[in-house]
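Please read the structure below before turning to the comments.
The values are calculated or read from the model by the stated rules, or taken from the named source; none is laboratory data. Note that the structure is predicted; figures quoted are calculated from it, not measured. Areas reflect the complete protein model, heavy atoms only, side chains present, ligands, DNA and RNA absent. Shrake-Rupley method; radii C 1.70, N 1.55, O 1.52, S 1.80 Å.
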Amino acid sequence: MAAFRALVLHEEGGKVTPRLEAVEEDRLPSGEVTVAVEYSTLNYKDGLILNGLGRLVRNYPHVPGIDFAGKVASSTAPDYKAGDAVLLTGWRVGEVQWGGFGEKARVKASQLVKLPAGLAAKRAMAVGTAGFTAMLAVMALEEHGLKPGAGEVLVTGAAGGVGSVAVAILAKLGHAVAASTGRAETADYLKSLGAAAIVERASLAKPPQRPLDSERWAGAVDAVGSTTLASVLTQLKYGASVAACGLAGGNDLPTTVIPFLLRGVNLLGIDSVMCPKPRREAAWARILRDLPMEKLDALTEVQPLSALPDLAGKILKGGIRGRVVIDVRA
């Protein structure tokens, strides 16, 4: 069978090493649908995997990449035929089975979503898991009562992938967005996405000094976790919610039950990995409607497969602004 190019991870002497290699198609995992991948993307989890962190991958050699978009090359599933434009995010693809950092991928039909009409593969990967997660967070906040005009909506880790897309979507929907970042040089960038105010990360990153602080936020999207999320909980308005979807600052949560008991706030967990297909399709439809594509293009850069090892280190250090699309054919 024809070989394809992929970024393959090898574990050598306890260290994970990436190499661009030619891979035979018969080495792909089992699945009903083989996809000719056009684009993938770089997420925080990809950074962990490429650096061998978090024990997310147990078996090597391994082709990472938790997202991809392209066209069906072959299919034994009735819902997909050759030439169909498809995308995949999550389902632990790129972790427990080979993923999208190669020119071919093979997965279960149930893991795919047909690319919405009007959304190109490149833009779908500019959204990727990060933007998809941001949309799920906004949907959860809306389902718990958030409406435009309710007050400031906070986005933490705002210059990252999840945060950038969340800022753009919330602003498009008419919310007053406060963007929290530790990178002062990104202030103009965040304002161009629609942020009305910039919040210094340090003001939220300190452990809360008391169980309740002054009410400020009508809602929040938190990609940081740890003491930042704890601080946000103390500052939510009565009955408001925070959608928790990241742990860039740590996976602990040093808080108390007081905000829940005295202000009736809500902590909403956002999982994009095992999200059911109907909600996935609803979220992608909302992305097409509510994410300004010109802003998505402005926050996106395109890089080749060969750039991934360097980019993986940068994203873990907070050195990536916005979204990075990977052209797997370049």
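Probing with 1.4 Å while keeping every protein chain in the model, the per residue accessible area of the chain equals 41 Å². Gyration tensor over the Cα atoms of the stretch 1-102: the corresponding equivalent ellipsoid has semi-axes (square roots of 5 times the eigenvalues, largest first) of 24, 15, 11 Å.
Dividing the summed helix terms, -39500 (n - 2.57) for each DSSP H run of n ≥ 4, by the number of residues in the chain produces a 222 nm estimate of -8500 deg cm²/dmol to the nearest 500. Please determine, in degrees from 0 to 90 and to the nearest 10, the orientation of helix 277-290 with respect to the longest principal axis defined by the Cα atoms of the chain, where the helix direction is its Cα long axis. Long axis of 277-290 versus the principal axis of the chain: about 70 degrees. Karplus-based coupling profile of the stretch 256-264, in residue order and whole Hz: 10, 7, 4, x, 6, 7, 9, 10, x, with θ = phi - 60° in 6.51 cos²θ - 1.76 cosθ + 1.60 and x standing for Gly or Pro. Amide H to amide H distances under 5 Å link Ile326 with Ser40, Thr41, Leu42, Gln303, where only residues 5 or more positions off or on other chains count and H is placed in the peptide plane.
Between the stretch 262-314 and the stretch 176-220, the C-alpha centres lie 20 angstrom from each other. The Cα atoms of the stretch 229-300 give a gyration tensor whose axes a ≥ b ≥ c have a/c of 1.5 or more with a/b greater than b/c, which makes the shape prolate.
Annotation: amide H-H contacts under 5 Å for Leu154 (H modelled 1.01 Å from N, sequence separation of 5 or more, or interchain): Ala178, Ala218, Gly219, Ala220, Val221.
Within the accessible surface of the chain, defined with a 1.4 Å probe on protein heavy atoms only, the carbon and sulfur portion equals 52 percent. Among the listed values [x] 17.5, 51; [y] 21.3, 66; [z] 19.8, 64, the one matching Rg and Dmax of the Cα atoms in Å as calculated from this structure is [z]. Computed from backbone phi with θ = phi - 60° and the Karplus coefficients 6.51, -1.76 and 1.60, the 3J(HN,Hα) list for the stretch 176-181 is 7, 9, 9, 9, 9, 8 Hz; x is used for glycine and proline. Once all protein chains are placed together, Val199 keeps about 10 Å² accessible to a 1.4 angstrom probe.
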